[in-house]
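The values are calculated or read from the model by the stated rules, or taken from the named source; none is laboratory data. On a predicted model such as this, the values are computed, not experimentally measured, just so you know. Cβ coordinates were reconstructed from backbone atoms using ideal geometry, including for glycine residues, and neighbour counts include every protein chain displayed. Note: accessible area is taken over every heavy atom of the protein model, side chains too, but ligands, DNA and RNA are not part of it. Shrake-Rupley method; radii C 1.70, N 1.55, O 1.52, S 1.80 Å.
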Amino acid sequence: LKIGISGYQSFEDPIVEDWVRESISNILRHFSPSAGITNLLGSTDRIFAEEILKINCPLNVIIPAEETFDWVNYKSLVIRAAKVEILCFSHPTERTYLEAIKAVVESADYLIFVGQEHLDFSQDLQR
């Protein structure tokens with residue numbers, strides 16, 4: 001069972017971040033995934049990657065655009081990944097990130113989404 005993640009990029013409240021980490025950890029313990037798939041685009045993805053590696057599960061990383069990827073903050077996770085795929089985009093655009101998220105969704109058997117109640121993806125879903 002391959003589990004992917006997508007979601008909110010940063011947390012201002014450490015209590016919320018701790019709750020997200022605990023929730024992801026519980027899901028991973030319950031499902032015992034064969035791989036974890038992420039874009040490493042923000043806090044949710046970082047937490048997921050750290051928790052995947054804690055349980056000695058292979059981490060697969062899909063990077064939207066190599067030249068703009070945050071190598072400084074995520075290098076320690078990327079070098080521990082079992083698989084790294086870099087999509088063929090030269091610079092980030094809305095389409096770049098959408099394609100990266102789609103790649104996670106298409107690669108995963110199960111998807112964890114961490115969002116906020118005011119986010120509205122209805123227009124994107126209608127496309």
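In region 1-15, how many residues are touching a helix residue (DSSP H, G or I) at 6+ places or on another chain (Cβ under 6 Å) and among the aliphatic types (A, V, I, L, M)?
Residues flagged as touching a helix residue (DSSP H, G or I) at 6+ places or on another chain (Cβ under 6 Å) and among the aliphatic types (A, V, I, L, M) within region 1-15 amount to 2.
Does ASN56 satisfy the criteria of being on the phi > 0 side of the Ramachandran plot and either free of Cβ contacts under 8 Å to residues at least 12 places away in the same chain or open to solvent by 60 Å² or more (accessible area, probe 1.4 Å) (or both)? Talk me through it step by step, then tell me what you get.
Numbers: on the phi > 0 side of the Ramachandran plot: yes; either free of Cβ contacts under 8 Å to residues at least 12 places away in the same chain or open to solvent by 60 Å² or more (accessible area, probe 1.4 Å) (or both): yes.
Yes: the conditions hold for ASN56.
Check region 34-43 and report whether any residue there is among the hydrophobic types (A, V, I, L, M, F, W, C), within 12 Å of the chain's Cα centre (by Cα) and at pLDDT below 95.
yes
Which ones in region 48-77 are at pLDDT below 95, closer than 23 Å to GLU94 by Cα and part of a helix (DSSP H, G or I)?
GLU66, GLU67, THR68, TRP71, VAL72, ASN73, TYR74 - these are the residues of region 48-77 that are at pLDDT below 95, closer than 23 Å to GLU94 by Cα and part of a helix (DSSP H, G or I).
Within region 78-109, restricting attention to residues that are in contact with a helix residue (DSSP H, G or I) (Cβ under 7 Å, 6 or more places away or on another chain) and assigned to a strand (DSSP E or B), which residue is nearest to PRO64 (Cα to Cα)?
By that ranking, first place goes to ILE86.
Taking region 15-61 only, how many residues are out of contact with any Lys or Arg (no Cβ under 8 Å at 6 or more places or on another chain) and among the β-branched types (Val, Ile, Thr)?
The total comes to 8.
Give the residues of region 24-47 that are in contact with a strand residue (DSSP E or B) (Cβ under 8 Å, 6 or more places away or on another chain) and part of a helix (DSSP H, G or I), sorted by residue number.
Scanning region 24-47 gives ILE24, ILE27, LEU28, PHE31, THR44, ASP45.
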